[in-house]
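J.: To start, I am sharing the structure in question, which I have written as structure tokens.
Every read-out reported here was derived from the displayed coordinates using simple, explicitly stated rules and does not represent laboratory data. Remember, predicted model here, so these are calculated numbers, not experimental data. Virtual Cβ from ideal backbone geometry, glycine too; neighbours counted across all protein chains shown.
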Amino acid sequence: MLHYWLENNLIKSIVLLLLFWAVILQAQTTEISDQTGNYDQQLIRFYLEKNEYETVINYIEYLEQENYVSDSLKYYQALSYKGLRNWEKASETLSLLIIHSPNEALKDLSLTQLEDCLSRQEIINRIEIISEIINELKDDDYRTNLLFLLAEIYEEAHLFEEANDVYNTILSETDAQEKFQLDLKIAANYIFLKDYNSALTILDPIISLQDSLLNENALFLCYIANYTLNRIDTARNCLIQLYLHYPHHKNRNEIINSLAEILFQEKQYLISWYLYHDLRAISNPSQAYNIDLQIQKIKELISAETELPNQFQYLIPNFSIE
């Protein structure tokens, strides 16, 4: 019995000892692997910083033949292709990272680099690359970002109908918090397509919300659509609201000039004269010369005309008492 007990415990001890050494060996192997991986990364970064892009690419290709290459190394490979101005290979490598990498931070970096690579390629190539990635990312958060990028590429190519198809896809697939901003993009594209009534179908409900952030763009688009359709009264009212409530609008010069011109055509010379003076103050010297001619013309008309409409129709006192 004692002999059996000793033999049994000896076997257990040997097994435990073997397991212990196996764990030690595995840890050493892992440590060596990690050290090798860190060495590879450091060496690649060294060559990348020295702009030795072909060396980086060749070294990573060698590592691919030997073992698994991490996503970070593939990212360095893409940067090297980019350094060599091989935009297609860089885009291909970055696309695979966006599709397959589980590293969110690396995917963000890859998307930023991809946008830069795409900007240097032909429109058709850009559309094909982005479309392929979108098709792979059926349920990915990056799909929406790429759809926006695709729509912008279509707009750059003046393919406004295709851009609107993409925006409508975004609206149908996501709970877009910026729904109205997307609607404004769609309306703007309808204007480029000269489909003014479709644009107004979108713009009128947005303007009725009386949202100051939305109306800055909505009113301007509404003015363009109505003016083109010869709905001058509505166009004028849009311009008046823009003039009064958005003094820092990016199209301030056009707003003042168009409003002054409409009022001039309506023989509202006094307010038109005032607006041209306002426009002159923010114009360059060459523009100021033409504005001075228009101002002089208004003065002459006021002196010459015997029957004028009410010149105070659009003038409202705005007294400020301290």
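J.: Determine, from the Cβ-Cβ distance of Leu43 and Asp108 and an R0 of 30 Å, the FRET efficiency 1/(1 + (r/R0)^6), rounded to the nearest 0.05.
T.: Efficiency at R0 = 30 Å is approximately 0.75.
J.: Between Asn145 and Asn58, what is the label-to-label distance in nm when each label sits 7 Å out along the Cα-to-Cβ direction?
T.: 3.4
J.: Can I ask one more? Which trypsin sites (Lys or Arg not before Pro) in the stretch 96-183 pass both tests, a DSSP loop state and at most 11 other beta-carbon atoms within 10 Å?
T.: On the way: sites: Lys107, Arg120, Arg126, Lys138, Arg143, Lys179; in loops: Arg120, Lys138.
Listed in order of number, the matching sites are Lys138.
J.: Which whole-number percent is the relative contact order of the stretch 108-207 (Cα, under 8 Å, 6+ apart)? Show your work: numbers first, answer last.
T.: On the way: 66 pairs, mean separation 17.2, N = 100.
Reported relative contact order: 17 percent.
J.: Return the lysines within reach of Lys74: Cα separation strictly under 21 angstrom, same-chain partners fewer than 8 residues apart disregarded; answer none if there are no such residues.
T.: Lys74 reaches Lys50, Lys82, Lys89, Lys107.
J.: Also: Which aspartates and glutamates, on any chain, are close to Lys299 with Cα under 17 Å apart, when same-chain ones fewer than 8 places away are left out?
T.: Filter leaves Glu261, Glu266, Asp278, Glu307.
J.: To the nearest Å, what is the center-to-center distance of the stretch 226-284 and the stretch 60-109, using C-alpha atoms only?
T.: Taking the Cα centre of the stretch 60-109 as reference, the centre of the stretch 226-284 is 53 Å away.
J.: If you don't mind, another one. How big is D, in µm² s⁻¹, for the stretch 164-266 by Stokes-Einstein at 25 °C and 0.890 mPa s if Rh is the Kirkwood radius over C-alpha pairs? If you can, show how the numbers build up before the last one.
T.: Values: Rh = 14.1 Å.
Estimated via Stokes-Einstein, D reaches 174 µm²/s.
J.: According to a simple spin-label model (label point 7 Å from Cα along Cα-to-Cβ), what is the distance in nm between Glu66 and His100?
T.: In this crude label model, His100 to Glu66 measures out at 2.0 nm.
J.: If you don't mind, another one. Give the cross-link partners of Lys194 among the lysines, using a straight C-alpha distance below 27 Å as the criterion and excluding same-chain residues fewer than 8 apart.
T.: Result set, ordered by chain and number: Lys179, Lys185, Lys250.
J.: If you keep only loop residues by DSSP, which chymotrypsin sites (Phe, Trp or Tyr not before Pro) in the stretch 62-106 have at most 11 other Cβ atoms within 10 Å of their Cβ?
T.: Working: sites: Tyr62, Tyr68, Tyr75, Tyr76, Tyr81, Trp87; in loops: Tyr68.
Filter output for the stretch 62-106: Tyr68.
J.: A further question follows. Counting other Cβ atoms within 10 Å, which GluC sites (Glu not before Pro) in the stretch 262-315 have at most 16 and lie in a DSSP loop? Provide the component values of the computation, followed by the final result.
T.: Numbers: sites: Glu266, Glu300, Glu305, Glu307; in loops: Glu266, Glu305, Glu307.
Sparse-neighbourhood loop GluC sites (Glu not before Pro): Glu266, Glu305, Glu307.
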